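All remarks here apply to the structure that follows.
What follows is calculated from the coordinates using simple rules that are stated; it is not laboratory data. Quick caveat, the model's predicted, so the values are computed rather than measured. Every residue, glycine among them, receives a Cβ derived from its backbone with ideal geometry; neighbour counts consider all protein chains shown.
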Amino acid sequence: MITEAVHATLQEIAGGNCFHEPITLVAAVKTRTREEIEEAVRAGITDIGDNRVQEFREKSIQVPGVTRHFIGRLQTNKVKYLVGQCDLIHSLDRDELLTALEARAAALGIVQDVLIEINLGEASKGGYPLRDGLSAFRNARKNHIRPIGFMAMLPAEGDTAMLGDLCDRVRALYDRARAEFPDVKYLSLGMSGDWRLCVAHGSNMIRLGTSLFGPRPVQ
Ligand SMILES: *Cc1c(COP(=O)(O)O)cnc(C)c1O
């Protein structure tokens, strides 16, 4: 099942997004076993994304040969477990976290890649408001932190026109940042329920869990 779902998804995204940019598929691996993750990797998954630092440390770090992403809310006291271990942190959602990330990366003498998380109106989620996205991006360029794009989550409810319009607005932010900074290359937008809409509106990185692995066990 996992193998078939990965193959079908990779085939479906092979032509790229609406701008013919390549799409990076990140498997969202929360709650999945190491065996399930490794099956996905054998099927062609190159990138995996965790929500919880504990799962990242205990499981994902052991999966060989993959690019590692962190896609969940990150507490400042857990930054030490990710910086330098994780290829891309998607969830830079507040200045306090930026300060902690920069301090840790400086202590290690490395540069950590991050995405700026944009909040599209879900009060329960983190992130900078859309209108502050460009200044948050500029501010995140530190000696040891390199922002390379944006991440967002669409609201769970909404009609296609409204959600498509939200994607277009995040994409416009991404394009403005890209015009200013050539490092910009990822717009991480799209989960199992909405990724087709997102790539039709300019996303070039999608994070899929249930559509690859099946329903998650109730926690
Ligand atoms: C769980 C999760 C996903 C994947 O969600 P699905 O609906 O299972 O595809 C994507 N992004 C984030 C931040 C997540 O927490």
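In percent, rounded to a whole number, the relative contact order of region 2-210 is 19, using alpha-carbon pairs under 8 Å and six or more apart.
Descending by average beta-carbon neighbour count within 10 Å, the peptides 198-208, 42-52, 151-161 line up as 198-208, 42-52, 151-161, the highest first. With Cα atoms defining each centre, region 162-219 and region 1-64 are spaced 15 Å apart in the structure. Given R0 = 45 Å, the distance between the Cβ atoms of residue 135 and residue 31 translates into a calculated FRET efficiency of 0.80. Going from the residue with the fewest nearby Cβ atoms within 10 Å to the one with the most, 38, 12 rank 12, 38. Dipole of the chain computed with +1 at Lys/Arg Cβ and -1 at Asp/Glu Cβ about the Cα centre; of 90, 43, 200, farthest Cα towards the positive end is 90. Charge tally around residue 201: other residues with Cβ under 13 Å, Lys/Arg +1 each, Asp/Glu -1 each, net -2. Measuring r between the beta carbons of residue 1 and residue 179 and using R0 = 41 Å, the FRET efficiency lands at 0.45. Cβ under 12 Å from residue 172's Cβ, residue 172 left aside: what net charge do those residues give with Lys, Arg +1 and Asp, Glu -1? Within the 12 Å Cβ shell, the charges total +2. By the rule of a C-alpha distance below 12 Å, with chain neighbours fewer than 8 residues away ignored, the aspartates and glutamates paired with residue 80 are 102. Report the residues of region 30-49 in range of a label on residue 58: point 7 Å along Cα→C-beta, backbone N strictly under 17 Å from it. The answer is 30-37, whose backbone nitrogens lie closer than 17 Å to the label point. For residue 18 and residue 124, a Förster radius of 41 Å and the Cβ-Cβ distance give a FRET efficiency of 0.90, rounded to the nearest 0.05.
Across region 86-219, the relative contact order, built from alpha-carbon pairs under 8 Å that are at least six residues apart, equals 20 percent. Note on residue 125: aspartates and glutamates with a C-alpha under 14 Å away, same-chain residues under 8 apart excluded, are 93, 117.
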